[in-house]
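Structure first, commentary second.
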Amino acid sequence: MAYREEDHEPLSEEELNMLVLEAQEEALQVKKTAKRTFPKWFFWLIALFLFFSTFSFVFKIYSIPAIEFLQTSAELSMNQDIQTYKKAVVTIEAGERKGTGFSITSDGRILTNYHVIEGNSRVTVIFPENGRFTATVVEVFSAIDLAVLEVKEKGLPYLQAADNPSYSQNEPIQFIGNPLSFEGIANEGTIITTLRLAGWQEDVVMIDAPVYKGNSGSPVLDDRGLVIGIVFSTLEHAEHGKVGLFIPIELYKKSMTTSEE
């Protein structure tokens with residue numbers, strides 16, 4: 001039997017029913033108030049905010065076009081020739097910097113950009129199948145942003161340089177590198193035209209292609225799989241928008257000939 005707290009007299013059945021109804025009404029009002037204070041959409045808003053706060057850095061680093069190149073790479077990599085070319089493309093670690101390079105002889109000569117190894121006399125190079133090596137910087141050509149490395153190893157996979165390559169407009173090219181912390185990404189594009197940069201004595205080549213940070217040192221290949229250049233930068237061009245830039249392979253050959261004389 002229930003009691004009034006103030007006088008300890010027993011409650012009648014009618015009074016008891018009234019108290020129950022009042023309690024139910026109070027509980028219902030609290031529930032309604034809680035719903036008004038914390039609607040479902042509010043909790044979804046908080047959840048979405050936490051999600052985007054946690055992963056917003058992904059969207060800052062990887063734009064939609066940058067994600068699309070992974071699909072292109074997967075499709076190109078089904079080609080047996082591309083799989084073979086990839087074996088000669090290395091990851092270069094120079095302190096906190098990381099870039100791309102490629103082997104140009106079977107006895108350990110590697111070509112990359114000067115800005116990738118700048119300030120280092122020795123760096124680490126990693127072949128996809130042959131493993132990790134310490135490489136010595138043996139030549140630098142800072143005026144054209146190239147550097148030559150050597151590792152003490154024989155029988156390494158390598159790419160062959162083209163003789164007198166063509167840089168005709170709309171000519172298709174392919175390149176392989178390590179952009180945006182990925183490794184061994186193959187991609188494709190077309191040649192736009194040659195260009196003389198401010199402060200340069202030689203022309204470089206503009207390409208319509210998805211070049212990103214980490215592609216520095218990537219070999220540019222013609223339709224025969226021969227190296228015609230080395231990716232080194234991007235440029236916002238007034239007419240063509242964002243373009244990739246590569247150093248013609250002849251500049252490397254010319255620089256090496258001059259240094260050996």
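Of the residues making up the stretch 47-69, not a single one is at pLDDT 80 or above and β-branched (Val, Ile, Thr).
Within the stretch 157-169, being farther than 15 Å from PHE246 by Cβ and open to solvent by less than 100 Å² (accessible area, probe 1.4 Å) holds for one residue alone: PRO157. Among the residues that make up the stretch 146-156, is at least one of them open to solvent by 80 Å² or more (accessible area, probe 1.4 Å), under 21 Å from the mean Cα position of the chain (by Cα) and closer than 21 Å to SER103 by Cα? Among the residues of the stretch 146-156, not one is open to solvent by 80 Å² or more (accessible area, probe 1.4 Å), under 21 Å from the mean Cα position of the chain (by Cα) and closer than 21 Å to SER103 by Cα, which makes the answer no.
Under the condition of being assigned to a loop (DSSP other than H, G, I, E, B) and among the aliphatic types (A, V, I, L, M), which residue from the stretch 164-214 is nearest to HIS237 (Cα to Cα)?
Residues of the stretch 164-214 that are assigned to a loop (DSSP other than H, G, I, E, B), as a first pass: 164-171, 178, 182-184, 197-202, 209-214.
From the residues that got through so far, the ones that are among the aliphatic types (A, V, I, L, M) too are 197-198, 209, 211.
On the way: LEU197: 12, ALA198: 14, ALA209: 13, VAL211: 14 Å.
The extreme case among them is LEU197.
Just to verify a result, which residue in the stretch 170-219, among those that are open to solvent by less than 50 Å² (accessible area, probe 1.4 Å) and among the aromatic types (Phe, Trp, Tyr), is farthest from VAL125 (Cα to Cα)? Of everything passing the filter in the stretch 170-219, TRP200 is farthest from VAL125 (Cα to Cα). The residue pairs whose first member lies in the stretch 66-79 and is on the phi < 0 side of the Ramachandran plot, whose second member is surrounded by fewer than 16 Cβ atoms within 10 Å (Cβ to Cβ) and part of a helix (DSSP H, G or I), and whose beta carbons are closer than 7 Å, counting only pairs six or more residues apart or on different chains, are SER77/GLN83. Residues in the stretch 234-247 that are open to solvent by 10 Å² or more (accessible area, probe 1.4 Å), at negative phi and of a type outside the set (D, E, K, R) were compared, and the one that is farthest from the chain's Cα centre (by Cα) is ALA238. Annotation for the stretch 128-136: no member residue is open to solvent by 30 Å² or more (accessible area, probe 1.4 Å), hydroxyl-bearing (Ser, Thr, Tyr) and part of a loop (DSSP other than H, G, I, E, B). Does any residue of the stretch 241-259 turn out to be farther than 17 Å from ILE110 by Cα and of a type in the set (Asp, Glu)? Checking the stretch 241-259: not a single residue is farther than 17 Å from ILE110 by Cα and of a type in the set (Asp, Glu). Taking the stretch 97-112 as the range and being in contact (Cβ under 8 Å) with a residue 60 or more places away in the chain, part of a strand (DSSP E or B) and open to solvent by 10 Å² or more (accessible area, probe 1.4 Å) as the test, only LYS98 passes.
All of (1) under 27 Å from LEU76 (Cβ atoms); (2) modelled with pLDDT of 95 or more hold for TYR167 with one exception: (2).
In the stretch 137-163, what residues are charged (D, E, K, R) and in a loop (DSSP other than H, G, I, E, B)? ASP145, LYS152, GLU153, LYS154, ASP163 - these are the residues of the stretch 137-163 that are charged (D, E, K, R) and in a loop (DSSP other than H, G, I, E, B).
The values are calculated or read from the model by the stated rules, or taken from the named source; none is laboratory data. Model, not experiment: these values are computed from the prediction. Here Cβ is always computed from backbone atoms with ideal geometry, including for glycine, and neighbour counts include all displayed protein chains. Please note that ligands, DNA and RNA were not included when accessible areas were found on the heavy atoms of the full protein model with its side chains. Shrake-Rupley method; radii C 1.70, N 1.55, O 1.52, S 1.80 Å.
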